[in-house]
Structures are given as C-alpha cells and as structure tokens.
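A short worksheet on the structure shown next.
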Amino acid sequence: MKKSKLPRLKTEAEFARFVETHDMASYFRDNPADQALTLAPELAEGIRERAKKRLIAIRLPQWQIDGARELARRKKVPYQALMRGWIGEGLRHEMKTLTRRAR
C-alpha cells in the first residue's frame, strides 16, 4: 500500500482530532521496521492508556451533546475527549466522597 501524506493542520487541536478519527498506519507504511524508536515516558504512558479504552454507547439529551460540542469548540479540543475528562473528574470526586463516608 502507498504511503499517505499527512494533511496540513493549523493547530494542535486539529491534529489531535485528526489522529483520533483516522488510522495512522497508512501514514507510516514506508518506514523501515528495523529502526528503533525511543518514546518519551509520558507519550508511552498515553499510548498505553489509549489502548486500554473501550467503546460504549450512551444516550444523552441533544442539549447536552450540543453544549459539550460548543464548549469543546471554544476550548479547541475534541468534544469526546472533553466529556471523558468530565466523567473522570466526576468518578474521582464520587470515589473520594465514598471513601470519606466509609471511615
């Protein structure tokens, strides 16, 4: 398969959105397999965490989706990443609350 060229993206948010929605394998096809890469520890951890994610379906009211998209647009981040962050924050808060009550 022929190596694809990456499109010109103006911002990091556009690049993040592109990477989240495209298979990157075709952009790196011609790289020799024998070249070793050393990743920054935080990048390697991010890759491991991303690989652990599972797809779920959740039904939300349209106003919540629209609101999340608008806020994400203003923050220049993908809306699903923003919503994952909110869910993570809520879970951490609730776990702390339950831990305090159990004492």
field: Residue count, segment 17-74 (criterion: loosely packed, with under 10 Cβ neighbours inside 10 Å, polar (S, T, N, Q) and at pLDDT below 95)
entry: 3
statement: Taking segment 84-97 and keeping residues open to solvent by 40 Å² or more (accessible area, probe 1.4 Å), modelled with pLDDT of 95 or more and within 16 Å of Ile56 (Cβ to Cβ) leaves Trp86, Ile87, Leu91
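Which residues, counting only those in segment 59-97, are hydrophobic (A, V, I, L, M, F, W, C) and within 19 Å of Thr21 (Cα to Cα)? Don't jump to the end; show me each part of the working.
Filtering segment 59-97 for residues hydrophobic (A, V, I, L, M, F, W, C) gives 60, 63, 65, 68, 71-72, 77, 81-83, 86-87, 91, 95.
Passing the criteria: Ile65, Ala68, Ala72, Val77, Ala81, Leu82, Met83.
The values are calculated or read from the model by the stated rules, or taken from the named source; none is laboratory data. Predicted, not measured: the structure shown is a model, and the values here were computed from it. For neighbour counting, all protein chains shown are included, and Cβ atoms are generated from backbone atoms with ideal geometry for every residue, glycine included. Ligands, DNA and RNA are stripped out before the accessible areas are found, and what is left, the full protein with its side chains, is counted by its heavy atoms. Shrake-Rupley method; radii C 1.70, N 1.55, O 1.52, S 1.80 Å.
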